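Written out below as structure tokens is the structure these notes cover.
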Amino acid sequence: MANQTNSGNERVDLAYRRRKNAEEMRHQVIAFVLMILLTLIAFAAVGYEEFSHWFVVPFILLLAAVQVAFQLYYFMHMSHKGHEFPAMFIYGGVAVMLLLVWAFTTVIWW
Amino acid sequence: MSTIARKKGVGAVLWDYLTTVDHKKIAHLYLIAGGIFFLLGGLEALFIRIQLAKPNNDFLVGGLYNEVLTMHGTTMIFLAAMPLLFAFMNAVIPLQIGARDVAFPFLNALGFWMFFFGGLFLNCSWFLGGAPDAGWTSYASLSLESKAHHGIDFYTLGLQISGFGTIMGAINFLVTIINMRAPGMTFMRMPMFTWATFVTSALILFAFPPLTVGLIFMMMDRLFGGNFFNPAAGGNTIIWEHLFWVFGHPEVYILILPSFGIFSEIFATFSRKRLFGYSSMVFATVLIAFLGFMVWAHHMFTVGMGPIANAIFAVATMTIAVPTGVKIFNWLFTMWGGSIKFTTPMHYAVAFIPSFVMGGVTGVMLSAAAADYQYHDSYFVVAHFHYVIVGGVVFALLAGTHYWWPKMFGRMLNETLGKITFWLFFIGFHLTFFIQHFLGLTGMPRRVFTYLPNQGWETGNFVSTVGAFFMAIATVILLINIVITTVKGEKVPGDAWGDGRTLEWAIASPPPVYNFAQTPLVRGLDAFWLEKMEGKKELTPAEPLGDIHMPNSSFLPFVIAFGLFVAAFGFTYHNDAGWGLPVGILGLLITLGSMFLRSVIDDHGFHIHKEEVLELEKKGANA
Ligand code: HEM
Ligand SMILES: [Cu+2]
């Protein structure tokens with residue numbers, strides 16, 4: 001239905017949308033380069049013998065979390081308006097999972 | 001494709017229901033299937049009560065009692081209470097938010113058929129060696145030892161399939177409520193039942209995955225040589241208990257929150273007053289759902305989690321009483337000063353308050369961890385959960401049946417018979433379960449198939465059994481009422497009770513396929529009531545009359561679910577018979593094949609043209 005799209009009149013907005021798209025593209029490229037960099041760092045961290053496991057494991061988990069954020073916010077457009085509900089449910093799910101893991105590690109396998 | 005109603009043969013009607021993606025017909029399917037399972041679970045309850053009516057009885061002995069008890073609990077929770085709530089959600093939610101359909105009609109149908117085939121599979125166990133016998137909680141330490149027959153496998157696979165269906169239903173409602181509200185219907189103008197459905201669906205979305213994981217582990221352990229719960233091989237049987245209750249406690253709120261929603265509608269309608277404290281009701285609902293996730297271990301106080309864990313979970317549990325109390329007071333204040341009409345639904349609503357509060361009070365008693373060492377696994381617990389589940393959920397289901405029956409089927413259930421049902425059920429309920437508190441306090445253990453004479457338990461058990469028969473008679477009268485109404489009930493207008501407040505009462509009963517000829521404009525809470533107060537008979541439309549787009553029917557949901565049903569048989573028997581594995585794979589192929597068809601076939605639906613809509617509207621107005 002036409003009145004349910006939020007793009008308004010296409011021709012009037014053209015210049016604005018051009019600029020917006022270009023900006024969007026730049027963000028995506030930057031995010032993409034950063035993600036490749038993070039992946040390389042992760043490989044290096046695992047490959048480098050001097051680092052102990054106690055450092056490497058949390059470190060690459062942290063990198064993984066950053067990657068997920070990039071993926072969601074830049075490639076899947078969660079940074080845009082209109083994604084409040086997906087964000088809420090994702091964070092809700094994460095919270096439930098963390099609670100579970102925390103409870104299991106303290107109550108079952110202390 | 002014509003949408004004009006005409007007389008159809010039995011075969012055509014059947015085919016219509018097998019392929020329907022219309023939320024109103026899916027509601028009928030949930031109501032029928034859930035109703036049948038409710039009768040089955042009720043029959044099992046009667047058998048339990050007959051066995052326990054006198055000491056040393058031998059009506060159902062040992063293993064058979066365990067099977068009946070397990071199936072009673074499992075059936076009532078998963079196959080009766082939840083699907084019946086889904087029936088009302090399907091029937092009412094799109095109407096309450098002014099939508100023509102749900103967001104994912106195909107998924108909605110698939111959800112129903114998954115539930116149906118899962119339930120069917122579970123009950124096939126009766127004819128194939130024996131039903132599951134480790135309780136509805138199916139603790140791993142019991143269920144892994146149940147090796148005489150495949151009962152537990154029917155439990156794991158059956159619940160797995162029906163659980164998928166439930167998750168699909170929940171996702172569909174979440175998206176429907178977020179995306180498809182009519183113009184003007186902000187979140188804080190949604191009817192309470194819609195809010196309850198929304199929050200419940202979120203609970204399902206988060207609570208069912210732990211069950212799914214637990215069931216997969218259980219399936220691995222029993223059928224594929226896994227050792228997740230086997231301590232001898234490094235597993236841990238307690239993990240099942242946690243996974244089950246991480247699901248299980250939110251599950252009780254999945255049942256009670258929609259029931260609260262139903263009662264909120266009924267209180268406001270028949271007090272002919274706005275729901276008192278609407279925003280605090282919304283807040284309380286969300287808070288209950290949130291807290292509901294942090295209390296699961298109150299089912300495990302006696303497992304040996306240690307004093308700190310017990311204390312934390314005890315306190316967390318007690319806090320839930322606060323938002324619940326807020327709701328109770330809001331209902332009381334809704335009635336206060338209202339001009340109350342004591343219809344059958346209102347009878348249930350009024351009776352619900354003291355009954356449910358009693359269950360809540362025993363709940364707070366149980367949440368005191370130290371005291372729970374005394375109560376646990378006794379009949380006191382049985383009394384508690386029946387007070388909340390029957391006094392809360394079942395009352396709500398019966399109330400909702402009477403309240404929305406005219407909307408769903410266009411005919412009013414007989415009020416006199418309805419009130420007879422109510423009184424018999426109400427009296428029977430308290431007879432059955434009140435005395436069980438004292439049986440429990442004097443030490444009668446639950447889940448044991450008999451007891452010895454002269455322990456002071458004879459009278460209590462006998463009274464309890466008599467009460468169960470009252471409820472059975474009440475149910476039979478309800479069935480008679482339904483038959484009479486279907487044959488010659490009085491036809492009703494759209495606003496069947498005359499006091500409807502929400503959008504569903506603004507359209508014909510039963511509603512036309514497309515629900516609203518024109519999407520309504522919502523100008524406040526209780527949108528239809530507002531219009532009526534301004535002297536109007538209809539809603540203000542938000543759009544001109546035009547062609548209406550509708551989804552096509554499809555047989556694929558049935559086939560997808562049927563494939564899993566076949567696969568479940570195959571994998572259950574794959575260790576005993578050569579045909580098991582091929583049948584299992586065949587079933588999966590049926591499912592995946594029809595999913596593939598669904599993806600490749602382009603289906604754009606069809607349009608109901610403006611002229612046809614006009615004609616249908618005219619007929620609806622005259623009916
Ligand atoms: C209609 C009248 C009902 C009667 C007479 C009845 C009776 C009983 C009885 C006698 C037990 C056995 C208690 C024990 O020994 O552990 C039981 C257990 C149970 N009932 Fe009901 N019940 C009724 C309705 C319901 C409903 C509507 C639900 C759920 C929606 C329900 C859920 C359960 C559950 C979960 C258990 C525990 C099963 C287990 O621990 O294995 N009951 N009921
Ligand atoms: Cu609980």
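The values are calculated or read from the model by the stated rules, or taken from the named source; none is laboratory data. Remember, predicted model here, so these are calculated numbers, not experimental data. Positions of Cβ are generated from backbone atoms using ideal geometry, with glycine treated the same way; all protein chains shown enter the neighbour counts. The accessibility values were calculated without ligands, DNA or RNA, using every heavy atom of the protein model including side chains. Shrake-Rupley method; radii C 1.70, N 1.55, O 1.52, S 1.80 Å.
For chain B, the mean residue ellipticity at 222 nm estimated from helices alone is -22000 deg cm²/dmol, where every DSSP H run of n ≥ 4 contributes -39500 (n - 2.57) and the total is divided by all residues, rounded to the nearest 500. Only helical runs count toward this figure. For chain A, summing -39,500 (n - 2.57) over DSSP H runs of n ≥ 4 and dividing by all residues gives -23000 deg cm²/dmol at 222 nm.
Once each of the trypsin sites (Lys or Arg not before Pro) sitting in a DSSP loop with at most 10 other beta-carbon atoms within 10 Å is removed, chain A keeps A:12-80 as its longest stretch. Directionally averaged projected area (the stretch B:429-499, Cα convex hull): 7.7 nm². Sorted largest first by accessible area at a 1.4 angstrom probe radius, with every protein chain in place, the residues B:W579, B:W126, A:W54, B:W336 fall in the order A:W54, B:W336, B:W579, B:W126. For the chain pair A and B, the interface hides roughly 1400 square angstrom of accessible area in total, found with a 1.4 Å probe.
Placing one identical point scatterer on every Cα of chain B and ignoring solvent, what is log10 I(q)/I(0) from the Debye formula at q = 0.05, 0.12 Å⁻¹? Computed log10 I(q)/I(0) values: -0.22, -1.32.
Solvent-accessible surface of the protein assembly as shown, averaged per residue with a 1.4 angstrom probe and all protein chains in place: 44 square angstrom.
Ordered from highest to lowest accessible area with the whole protein assembly present and a 1.4 Å probe, B:T540, B:T401, A:T105 read as A:T105, B:T540, B:T401.
The residues of the stretch A:61-94 occluded by other protein chains by 40 Å² or more of accessible area, set against the chain on its own, are A:F85, A:F89; surface from heavy atoms, 1.4 Å probe. Taking a ≥ b ≥ c as the square roots of the Cα gyration tensor eigenvalues, the stretch B:448-593 comes out oblate, since a/c reaches at least 1.5 and a/b does not exceed b/c. Charges on Cβ only, +1 for Lys and Arg, -1 for Asp and Glu, centred on the Cα centroid of chain B; of B:I288, B:G605, B:V522, which one is farthest towards the dipole's positive end? It is B:V522.
Around the Cα centre of the stretch B:456-542, unit charges on the Cβ atoms of Lys, Arg, Asp and Glu (plus for the first two, minus for the last two) sum to a dipole of about 220 debye.
Pairs spanning more than 26 Å between alpha-carbon atoms, out of B:K8/B:K610; B:K419/B:K537; B:K327/B:K537: B:K419/B:K537; B:K327/B:K537.
The alpha-carbon of A:K20 sits under 16 angstrom from the alpha-carbons of these aspartates and glutamates, leaving out residues fewer than 8 places away in its chain: A:E10. How much of the accessible area of the stretch B:1-102, probe 1.4 Å, is carbon plus sulfur, in whole percent? So the carbon and sulfur contribution to the accessible surface is 71 percent. Quarter the surface of the alpha carbon convex hull of the protein assembly as shown and you get the mean projected area, 36.4 square nanometres.
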